[in-house]
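Chemist: Can you read through this structure? Questions will come right after.
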Amino acid sequence: MTNRSDIPHHIGVIMDGNGRWAQSRGLPRIAGHQAGVEAARRVIKACVELHIQVLTLYVFSTENWKRPLGEVSFLMRLAEKYALEETDELHQNGVRVQLMGQRQKLPQTLLDNLDKIAAQTQNNKRLTLNLAINYSGRTEILNAAALIIQAHHKGEINIDDISPMDFTYFLYCPEVPDVDLIIRAGGEKRLSNFLLWRSVGAVFWSTPIYWPDFQTQDLSEAIKFYKDQNIQLKNETRIFGANHKQNA
Ligand code: IPE
Ligand code: IPE
Ligand code: MG
């Protein structure tokens, strides 16, 4: 279920702290979101270089609709612009891009741009980049449950012997593996409804650094933390194994 090698296959990032970054500079919150795009670029590039297979960026949660209209519209336009302007570079770098989230409620221009970038990059193999926009872990699970009931009614599946693996098939982006490492910028130690189903064995690393200040070295530090956790886990398993033998 969980990848126990040294390098995480799937990294999820909660890109938090944009507003505080801007406020600490006397700037409007939207300036923080704008600056956050640069940090996302840095991390995507580093993930390609580090041979990470999957990166999921938490761009906009379903809870974020409650923010002031001006901030929400700015974020939607920023995502629209990003999808349009980054296509060529991401494609050249072998990045496959896709939306991970609920399509309903998202502006049509954003959906069109996301569909275009997904179509153009669909065969790329170096890195899969999931953009979690209008994402909620609970909604993802509820949505999967509703799809399963529909499939059951159509006689396509038997609801009585559905396994966790079968369930995964009904999530957004079903081919995406469990997340190995979740990074949170901005200092909070919360999941904020991110990747709930896929985070069963994930290592969680939180840094006080605001997202726009996040550097490649911070990513390396998070990966080192992930490795250390895995070494510790392997050692504990070994000790447990030895005791187990002794007592047997
Ligand atoms: C994260 O930064 C970006 C989004 C949620 C879109 P915030 O906007 O939450 O920044 P803080 O947490 O208020 O500093
Ligand atoms: C999490 O940040 C969501 C994103 C980064 C898109 P929030 O700022 O929205 O989360 P809370 O409010 O701290 O839980
Ligand atoms: Mg926040």
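Chemist: Return the residue satisfying two criteria in turn: it lies in the range 87-100 and is closer than 16 Å to residue 132 by Cβ and of a type in the set (Val, Ile, Thr), and of such residues it is surrounded by the most Cβ atoms within 10 Å (Cβ to Cβ). Outline the logic, then answer.
Modeler: Filtering the range 87-100 for residues closer than 16 Å to residue 132 by Cβ gives 95-100.
Remaining after also requiring of a type in the set (Val, Ile, Thr): 95, 97.
Working: 95: 23, 97: 25.
Only one residue tops the list, namely 97.
Chemist: Just need a number here: residues in the range 8-27 that are within 15 Å of ligand 3 (Cβ to nearest atom), more than 30 Å from residue 51 (Cβ to Cβ) and assigned to a loop (DSSP other than H, G, I, E, B). Before the answer, list the steps.
Modeler: Step one: filter the range 8-27 for residues within 15 Å of ligand 3 (Cβ to nearest atom), giving 13-24.
Keeping just the survivors that are more than 30 Å from residue 51 (Cβ to Cβ) gives 19-20, 22-24.
Subset that is assigned to a loop (DSSP other than H, G, I, E, B): 24.
The number of residues fulfilling the criteria is 1.
Chemist: Regarding the range 194-209, can at least one residue be identified that is within 16 Å of ligand 1 (Cβ to nearest atom), open to solvent by 30 Å² or more (accessible area, probe 1.4 Å) and in a loop (DSSP other than H, G, I, E, B)?
Modeler: Looking through the range 194-209, at least one residue is within 16 Å of ligand 1 (Cβ to nearest atom), open to solvent by 30 Å² or more (accessible area, probe 1.4 Å) and in a loop (DSSP other than H, G, I, E, B).
Chemist: Also, quick follow-up: In the range 1-37, what count of residues is obtained for those that are open to solvent by 60 Å² or more (accessible area, probe 1.4 Å), more than 17 Å from residue 207 (Cβ to Cβ) and within 16 Å of ligand 2 (Cβ to nearest atom)?
Modeler: 4
Chemist: In the range 39-71, how many residues are assigned to a helix (DSSP H, G or I) and near ligand 1 (Cβ under 9 Å from one of its atoms)? Outline the logic, then answer.
Modeler: Filtering the range 39-71 for residues assigned to a helix (DSSP H, G or I) gives 39-49, 62-66, 69-71.
Within this subset, residues satisfying the condition of being near ligand 1 (Cβ under 9 Å from one of its atoms) are 63-64, 71.
Number of matching residues: 3.
Chemist: Follow-up question, since we're still on this one. Take the range 169-193 and flag every residue that is under 13 Å from residue 137 (Cβ atoms) and either open to solvent by 80 Å² or more (accessible area, probe 1.4 Å) or of a type in the set (S, T, N, Q) (or both).
Modeler: Residues satisfying the conditions are 190, 192, 193.
Chemist: Considering (1) at pLDDT below 95; (2) outside any helix (DSSP H, G or I), say which one residue 190 fails and leave the rest.
Modeler: Failing condition for residue 190: (1).
Chemist: Taking the range 48-86 as the search range and keeping residues that are more than 16 Å from ligand 3 (Cβ to nearest atom) and polar (S, T, N, Q), which one is surrounded by the fewest Cβ atoms within 10 Å (Cβ to Cβ)?
Modeler: Taking the range 48-86 and keeping what is more than 16 Å from ligand 3 (Cβ to nearest atom), we get 48-56, 69-70, 73, 76-77, 79-86.
Imposing the further condition that a residue be polar (S, T, N, Q) reduces the set to 53, 56, 73.
Details: 53: 18, 56: 25, 73: 12.
Here the residue is 73.
Chemist: Every residue in the range 151-168 that is open to solvent by 100 Å² or more (accessible area, probe 1.4 Å) and either touching a Ser or Thr at 6+ places or on another chain (Cβ under 6 Å) or not charged (D, E, K, R) (or both), please.
Modeler: 153, 165
Chemist: Among the numbered conditions (1) over 22 Å from residue 210 (Cβ atoms); (2) in contact with a Phe, Trp or Tyr (Cβ under 8 Å, 6 or more places away or on another chain); (3) within 13 Å of ligand 1 (Cβ to nearest atom), tell me where residue 36 comes up short.
Modeler: For residue 36, the exception is condition (1).
Chemist: Condition test on residue 148, is it out of contact with any strand residue (DSSP E or B) (no Cβ under 9 Å at 6 or more places or on another chain) and closer than 23 Å to residue 12 by Cα? Can you show your working first?
Modeler: On the way: out of contact with any strand residue (DSSP E or B) (no Cβ under 9 Å at 6 or more places or on another chain): yes; closer than 23 Å to residue 12 by Cα: no.
No.
Chemist: What's the number of the only condition in (1) in contact with a strand residue (DSSP E or B) (Cβ under 6 Å, 6 or more places away or on another chain); (2) under 19 Å from residue 21 (Cβ atoms) that residue 212 fails to meet?
Modeler: Unmet for residue 212, out of (1) in contact with a strand residue (DSSP E or B) (Cβ under 6 Å, 6 or more places away or on another chain); (2) under 19 Å from residue 21 (Cβ atoms): (1).
Chemist: Do we find that residue 131 is touching a residue at least 60 places away in the same chain (Cβ under 8 Å), open to solvent by less than 20 Å² (accessible area, probe 1.4 Å) and touching a Pro at 6+ places or on another chain (Cβ under 6 Å) in this structure? Quick ask: steps written out before the conclusion?
Modeler: Working: touching a residue at least 60 places away in the same chain (Cβ under 8 Å): yes; open to solvent by less than 20 Å² (accessible area, probe 1.4 Å): yes; touching a Pro at 6+ places or on another chain (Cβ under 6 Å): no.
It is false that residue 131 is touching a residue at least 60 places away in the same chain (Cβ under 8 Å), open to solvent by less than 20 Å² (accessible area, probe 1.4 Å) and touching a Pro at 6+ places or on another chain (Cβ under 6 Å).
The values are calculated or read from the model by the stated rules, or taken from the named source; none is laboratory data. Keep in mind it's a predicted model, so treat the numbers as computed, not measured. When we count neighbours, we look across all protein chains shown, and the Cβ atoms used for this are built from the backbone with ideal geometry, even at glycine. What goes into the accessible areas is simple: the full protein's heavy atoms, side chains included, and nothing from ligands, DNA or RNA. Shrake-Rupley method; radii C 1.70, N 1.55, O 1.52, S 1.80 Å.
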